[in-house]
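The values are calculated or read from the model by the stated rules, or taken from the named source; none is laboratory data. Quick caveat: nothing in here was measured; it's all calculated off a predicted structure. Counting neighbours? That spans all protein chains shown, and the Cβs are built from the backbone with ideal geometry, glycine included.
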Protein chains: 4
Amino acid sequence: MPKRVKAAVMTAPGKIEIQEFPYPKLESGAMMMKVEMSGICGTDKHTYKGENVQYAGTASERKTPFPIIPGHENVGVVAEITEEAKKGLEFYGEELKEGDRIVMCPDVICGKCWYCRQIHGYPWCENVKGYGNAFSSKEPPSLFGGWAEYIYIRPDVFVYKVPEGIPKEVAVLAEPFAVTFALDSAIHSSAGNGFCGDTVVVQGVGPLGLCCLIKARILGAGDIIAIDLSDFRLKMAEEFSADYILNAKKTEKDKRIDYIRELTDGRGADVVIGCTGVPDSFTEGLEMLRRGGAYIELGNFVDTGTININVHKHVCAKNARIFGVTNHPFTKYGATLKLFLKYGEQLPFKKIVTHRYKIQEAETALKKSMDEDTMKVVIEP
Amino acid sequence: MPKRVKAAVMTAPGKIEIQEFPYPKLESGAMMMKVEMSGICGTDKHTYKGENVQYAGTASERKTPFPIIPGHENVGVVAEITEEAKKGLEFYGEELKEGDRIVMCPDVICGKCWYCRQIHGYPWCENVKGYGNAFSSKEPPSLFGGWAEYIYIRPDVFVYKVPEGIPKEVAVLAEPFAVTFALDSAIHSSAGNGFCGDTVVVQGVGPLGLCCLIKARILGAGDIIAIDLSDFRLKMAEEFSADYILNAKKTEKDKRIDYIRELTDGRGADVVIGCTGVPDSFTEGLEMLRRGGAYIELGNFVDTGTININVHKHVCAKNARIFGVTNHPFTKYGATLKLFLKYGEQLPFKKIVTHRYKIQEAETALKKSMDEDTMKVVIEP
Amino acid sequence: MPKRVKAAVMTAPGKIEIQEFPYPKLESGAMMMKVEMSGICGTDKHTYKGENVQYAGTASERKTPFPIIPGHENVGVVAEITEEAKKGLEFYGEELKEGDRIVMCPDVICGKCWYCRQIHGYPWCENVKGYGNAFSSKEPPSLFGGWAEYIYIRPDVFVYKVPEGIPKEVAVLAEPFAVTFALDSAIHSSAGNGFCGDTVVVQGVGPLGLCCLIKARILGAGDIIAIDLSDFRLKMAEEFSADYILNAKKTEKDKRIDYIRELTDGRGADVVIGCTGVPDSFTEGLEMLRRGGAYIELGNFVDTGTININVHKHVCAKNARIFGVTNHPFTKYGATLKLFLKYGEQLPFKKIVTHRYKIQEAETALKKSMDEDTMKVVIEP
Amino acid sequence: MPKRVKAAVMTAPGKIEIQEFPYPKLESGAMMMKVEMSGICGTDKHTYKGENVQYAGTASERKTPFPIIPGHENVGVVAEITEEAKKGLEFYGEELKEGDRIVMCPDVICGKCWYCRQIHGYPWCENVKGYGNAFSSKEPPSLFGGWAEYIYIRPDVFVYKVPEGIPKEVAVLAEPFAVTFALDSAIHSSAGNGFCGDTVVVQGVGPLGLCCLIKARILGAGDIIAIDLSDFRLKMAEEFSADYILNAKKTEKDKRIDYIRELTDGRGADVVIGCTGVPDSFTEGLEMLRRGGAYIELGNFVDTGTININVHKHVCAKNARIFGVTNHPFTKYGATLKLFLKYGEQLPFKKIVTHRYKIQEAETALKKSMDEDTMKVVIEP
């Protein structure tokens, strides 16, 4: 093992520098993961821009303990592992050994608060701490983020062994893809019976929106319409089975709504999935919905201010079913990896990572991830 | 049978007069119902005030074909019945004869549009016509509303025989109570598993809110908190098993939210039911909700303008599940009547009708129904 | 139009002869469909063998009014259509004209019995009459089955326009594929949360089992294991995305159960779908299930006698969820046709029809359909 | 604290003797509970009779490590508590102090196996150990059952504080009542939409059946029919809101089925709940069910051999939904206690405990609990 570990550290909003940390000694039950790839997520961009995740996310996302090592979408291999961790760390009880490829749930939960006790699988824990943003790198063992050569895996982290046949550039998508499991139940809540064959609109096909689009297809969607500002992303949505695409830069709001209505005999879509992060998409999406349709909001993770809504028109009269979603279920990494294996032939998961950067290029990478001609940008140490 | 039938006619917004109509001849499959009681509903008030039901309700509610005979919450007895109607009119196939007490679904559906074909039970029919507001009394047989001595029941109306043991002042509640069946599935959509024992807030305990409160109790709610502006209505909520009451006139919004949080260890309620008709209740109710809780909006049936919402805070970060509800399932009159029978001992349904007026007092009755010291006001010919 | 219409008539169990009928005059609202293809179903085989569909199916299936024209999986084109039918016959309200390709729901429901009124979409109608087995061909207009040049479509039949791009040999599968919509809700009833990524066993991959296997894949299954007696059918299951196959002729029951347990870390499958028609498969399948898994029984459509079950072991201790399924939802032809369009690239629906016969070869076709080296056998007039 | 603790010990099937154990020293995180009352459950009777719980229950129930102290339905008060336990032991995070009344979940789970990780709330844990039957009293601290003056509560037990206003004879029912939460989702699985107003049959109204009957009423059942061999129990079912009762000793199977059909216009019940423990009730109950109805089997907890079933008739053609249930959700003690508070006025929970015995009378108590003129029999030290 090396004596020093290199990492990109965000010392304050807008400031990233490369630092070295001592390779730590493992406590009982812990392990070290050699990072193969770490994705850049919208949360990282918000933290960098100093934006406010006031009501969502973890307590630490709400008040970042700078300096931090970002990176919570991580894939890597077991570098060093304690005896206790070999049998105790893998979520499903599989034994781990050095060299095994793994992904990890970044959210560490207490297991004892009301949400941990009553709500299945979701890290709505009142004491949750997130790798990549909740730990100050000033406090040893410091290595709690993926933009680094190594990550220190505490005994209370959920770790998942990656099956043979899933390359790192697909495994790195496990965390954002796990978010899409919110759709599984929500889409069945539209009035009617069942989802299979339904018309689905995805507003915003950045990495999360694209994962949702893919999931809708895996769950048996009928027509899928993707909307985005970027032709690059819309083209990619088509590669991942979108039936129709709509560039929101080149269309008026009313025309977009009309377009959806025309595709659905005037009724509106059965399901609309909001992944833009722009609050105005919310009411636009509700107007695209048929009576009794389901709207799933996953994009407004950061506080971007208020909008106007007509409760009568958008909610009551529409008989809308609306689902807000943050976080992702730690119980669904297994299913996520299984889907990567089973649906990888028809859906080219490998293409989702479009840009790769070294640790020392972390700031460039972060800025690049805000461009429209990217999908998932990753750090590859 | 009489030769002339007396009815209260709304000739324009704000104008009600008493008219007489010829007792009509029945077409094949039709029947005449002698009205015993007809409830006054929020929709009637909106129509009287000339308010806009722009996006909800039936096409006819959206553009009222004055003059009309109001009244769509009707109970009565079979006065005259054609041979075909005896075997064909009762929803569940029961045979009808003169003297039988019945209630009716006011919504007449086409049975052939997409909504009729695909969505179970709900009258989201694209061609729906509602008794009490969709038929001009200028066109014979004119008698399509309950504020009259008789109602003409067309062959395409759903009629339900009232079991022995349910008095008219309880049967008259069948229509608004059937609305509450939207709760049955919605309340199970809060994250967690199941509803039984959950904490429920009911915002607004006028007739519809009170029916929702009662239904929450029948479905196994834990603590129920009723909020209203009227002490009269809050007292009644207590009689119907509310555990806590809160007069919104005497409290600030923030205090009300704090109150709910205090009752729930700081988390917020599992389920909030919005029945005020005031759009600001929507965001207030969402702030009363715990993460992953369910908000059910049944009150903003009429367009009362826009409000501000923070999609991040109120929907996404809250992981809220929101259900808009209009109309009621015509399949649930049977269950409604069964509940009146089974739960009538512990829940004093008879007390819900607080004021009764004659047909000629219809305008007085309508105005009275807007007062805070009323619950259900009815016309009793 | 021709003056005479040729049809294969089953005059008694085991007896099929070719007859000619007069081309009928259409009543108002009716139409004539020129048959392009008519599938042979398990029910047809049972009827031919004189087997007992005592408790399932329609009243007519329970007591067949010989002579009949079999054939209820039908695709064809509009040959002649009344004015009323042009606007009134298509289920979703689309206009029909001569030459349009259509499929039809063979079950004609009353729309008025308790099941029609309360249960959505399923033809559990107490007065249901099924094309292909409920009408004696002795009574004009006689043409109520698909093994004929033409079918007489009554005004109360549900007819569905087939979208461009679906060939007849795929459209002919609409009826059996619609049966699989029972899976959509049932598979979500296994304890756990959601189906996506689950391990699914399909017992018996004849035409219905293969449709179920395909549907499981469309709904996001993880590993799928197909079991059958026929290598021909198992090979086809693999072409349709089965991950593992097991020939029940070449294995012992215990080995089969062990095999499933080995694939699932000793737990058993999440979902088992029973499509063999052999009652012993039921307990075998339950033993393949994990605790809290879902078993869906669609195969024992005909009475094949009793078997032993240990209620403690197979149901209670297993915490099994078991779903019996007959019939198919008439509301799901639209979704079925949509899935044919959307998933046809990755799943070669066209290959499912393996054998085609002329009307005059109907008996040969029926016998052939009992062979192991067939999938769907059809009559193609 | 005393130096010696008295307990009833089952040393082998059929053998109970009174022993004394040293009052133990507490490990960190543990506490001692002074037993107020401990219920006698069917499992205790099976263990005493030496019956086989081969496939259900915990590993320890399957092979009892005699000698044991029985008793897993326990209520008591905190007698002595370690500092760590004060803040860490209560399931919902409430602080505990000496004198607090508590109930406990007898099942101690590992939290790490597949079932613990994937299935919410249910103790299907592969390593579960149950108080009252999984711990040999030969191994200190010995006191792992409720038929004793004190119980040793390990740090990994789930303990629940009992709210003010619930007396011990009601709190003692928390464990069997929590079992009924299996109904909450299962009853909604009958085809149709929703449960409220449904007709429910409860086969067997011993303590568990009575709890199910009560729960059905709390969840909004329509007519409830109770069937049992004991007039004593049937009378009690009536006190708890059964609408109809049927003594199975005095009726033939066919007559019972006919009786249910007559009450339901010939269709059969919407929901049947099996709590007899007699396997033949299973098929009888399925015959009482309407098409698409739900059957919930909670009674055959012990292996009582096989019965005949006709898969075609009882499952497939019936379109039955069948749910096997063992164990109970540890997440639902809170809701259970809330229901005791909210529904105690209309449902006389206090009367369910019909017989009380001292520790030294444990064997008499156990035998008495097999009599027909008892409901819940308890040990009250």
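Pairing residues of segment B:115-128 that are part of a helix (DSSP H, G or I) with residues that are polar (S, T, N, Q), at Cβ distances under 6 Å and at least 6 apart in sequence or on separate chains, gives B:118/C:331.
Does residue D:200 count as touching a helix residue (DSSP H, G or I) at 6+ places or on another chain (Cβ under 6 Å) and either at pLDDT 95 or above or farther than 17 Å from residue B:335 by Cα (or both)? Answer is yes for this residue.
From the list D:122, D:115, D:131, the lone residue that is in contact with a Cys (Cβ under 7 Å, 6 or more places away or on another chain) and either surrounded by fewer than 18 Cβ atoms within 10 Å (Cβ to Cβ) or of a type in the set (Phe, Trp, Tyr) (or both) is D:115.
Per-residue answers, yes or no, for (1) without any contact (Cβ under 8 Å) to a residue 40 or more places away in the chain; (2) charged (D, E, K, R):
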{"residue": "C:307", "(1), (2)": "yes, no"}
{"residue": "C:311", "(1), (2)": "yes, no"}
{"residue": "C:330", "(1), (2)": "no, no"}
{"residue": "C:342", "(1), (2)": "yes, yes"}
{"residue": "C:352", "(1), (2)": "no, no"}
{"residue": "C:355", "(1), (2)": "yes, no"}
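Residue check: is residue C:173 buried (at least 24 other Cβ atoms within 10 Å of the Cβ) and in contact with a strand residue (DSSP E or B) (Cβ under 6 Å, 6 or more places away or on another chain)? When the stated conditions are applied, residue C:173 does not pass them. For segment A:47-60, residues that are part of a helix (DSSP H, G or I) and modelled with pLDDT under 90 total 2.
For residue A:213, the stated conditions do not hold, so it cannot be described as in contact with an Asp or Glu (Cβ under 9 Å, 6 or more places away or on another chain), buried (at least 22 other Cβ atoms within 10 Å of the Cβ) and hydrophobic (A, V, I, L, M, F, W, C).
For segment C:171-185, state whether one or more residues are small (Gly, Ala, Ser) and closer than 22 Å to residue C:2 by Cβ.
The answer is no, given that none of the residues of segment C:171-185 is small (Gly, Ala, Ser) and closer than 22 Å to residue C:2 by Cβ.
Residues in segment A:109-137 that are within 21 Å of residue A:173 (Cβ to Cβ) and more than 13 Å from chain D (Cβ to nearest Cβ): A:123, A:130, A:131, A:132, A:133. Comparison of A:286, A:246 shows that the only residue that is more than 29 Å from residue A:349 (Cα to Cα) and either out of contact with any Leu (no Cβ under 8 Å at 6 or more places or on another chain) or not in a helix (DSSP H, G or I) (or both) is A:286. Reported count of residues in segment C:282-291, each being facing chain D (nearest Cβ under 7 Å) and within 23 Å of the chain's Cα centre (by Cα), is 1. Among residues of segment C:92-104 that are in a loop (DSSP other than H, G, I, E, B), those with a Cβ under 7 angstrom from a residue that is among the aromatic types (Phe, Trp, Tyr) and crowded, with 16+ Cβ neighbours inside 10 Å, sequence gap 6+ or separate chain, pair up as C:92/B:114; C:93/B:114.
Among the residues of segment D:342-361, count how many are closer than 26 Å to residue D:381 by Cβ and either in a loop (DSSP other than H, G, I, E, B) or facing another protein chain (nearest Cβ under 8 Å) (or both).
So the answer is 4.
Results for (1) under 19 Å from the mean Cα position of the chain (by Cα); (2) assigned by TED's automatic domain parsing to the domain that holds residue A:298; (3) in contact (Cβ under 8 Å) with a residue 24 or more places away in the chain; (4) surrounded by fewer than 24 Cβ atoms within 10 Å (Cβ to Cβ), shown as yes or no for each residue.
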residue	(1), (2), (3), (4)
A:138	no, no, yes, yes
A:154	no, no, yes, yes
A:165	no, no, yes, yes
A:184	yes, yes, yes, yes
A:195	no, yes, yes, no
A:198	no, yes, yes, no
A:203	yes, yes, yes, no
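Scoring residue B:226 on the criteria (1) surrounded by fewer than 24 Cβ atoms within 10 Å (Cβ to Cβ); (2) farther than 25 Å from residue A:307 by Cα; (3) away from chain D (no Cβ under 12 Å); (4) not hydroxyl-bearing (Ser, Thr, Tyr) leaves a single failure, condition (1). Inspect all residues belonging to segment D:307-315 and state whether any of them is assigned to a loop (DSSP other than H, G, I, E, B) and not charged (D, E, K, R). Within segment D:307-315 (the criterion being assigned to a loop (DSSP other than H, G, I, E, B) and not charged (D, E, K, R)), the answer is yes, since at least one residue qualifies. Among residues of segment A:61-111 being surrounded by 17 or more Cβ atoms within 10 Å (Cβ to Cβ) and under 19 Å from residue B:291 (Cα atoms), the one that is modelled with the lowest pLDDT is A:61. Can you pull out the residues in segment D:245-259 that are within 14 Å of residue D:283 (Cα to Cα) and touching a residue at least 12 places away in the same chain (Cβ under 8 Å)? Answer for segment D:245-259, where residues must be within 14 Å of residue D:283 (Cα to Cα) and touching a residue at least 12 places away in the same chain (Cβ under 8 Å): D:253, D:256, D:257.
Per-residue answers, yes or no, for (1) surrounded by fewer than 24 Cβ atoms within 10 Å (Cβ to Cβ); (2) within 10 Å of another protein chain (Cβ to nearest Cβ):
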site	(1), (2)
D:252	yes, no
D:257	yes, no
D:265	yes, yes
D:276	no, no
D:280	yes, yes
D:293	no, no
D:301	no, yes
D:304	yes, yes
D:311	no, yes
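With respect to the conditions (1) part of a helix (DSSP H, G or I); (2) under 24 Å from the mean Cα position of the chain (by Cα); (3) not assigned by TED's automatic domain parsing to the domain that holds residue D:105, residue D:254 falls short on a single one, namely (2). Tell me whether segment B:313-336 contains one or more residues that are within 14 Å of chain D (Cβ to nearest Cβ), closer than 23 Å to residue B:239 by Cβ and within 19 Å of the chain's Cα centre (by Cα). Looking for residues that are within 14 Å of chain D (Cβ to nearest Cβ), closer than 23 Å to residue B:239 by Cβ and within 19 Å of the chain's Cα centre (by Cα), one finds at least one in segment B:313-336, hence yes. In the set (1) closer than 20 Å to residue D:332 by Cβ; (2) not in a helix (DSSP H, G or I), residue B:205 fails one condition alone, (1).
Every listed requirement among (1) under 19 Å from residue A:32 (Cα atoms); (2) in contact with a strand residue (DSSP E or B) (Cβ under 7 Å, 6 or more places away or on another chain); (3) surrounded by 22 or more Cβ atoms within 10 Å (Cβ to Cβ) is met by residue A:158 save one, (3).
Sub-7 Å Cβ pairs linking a first residue in segment C:211-226 that is in the same structural domain as residue C:184 (by TED's automatic domain parsing) and assigned to a helix (DSSP H, G or I) to a second residue that is surrounded by fewer than 23 Cβ atoms within 10 Å (Cβ to Cβ) and of a type in the set (Gly, Ala, Ser), at least 6 apart or interchain, are C:217/C:241, ordered by first then second residue.
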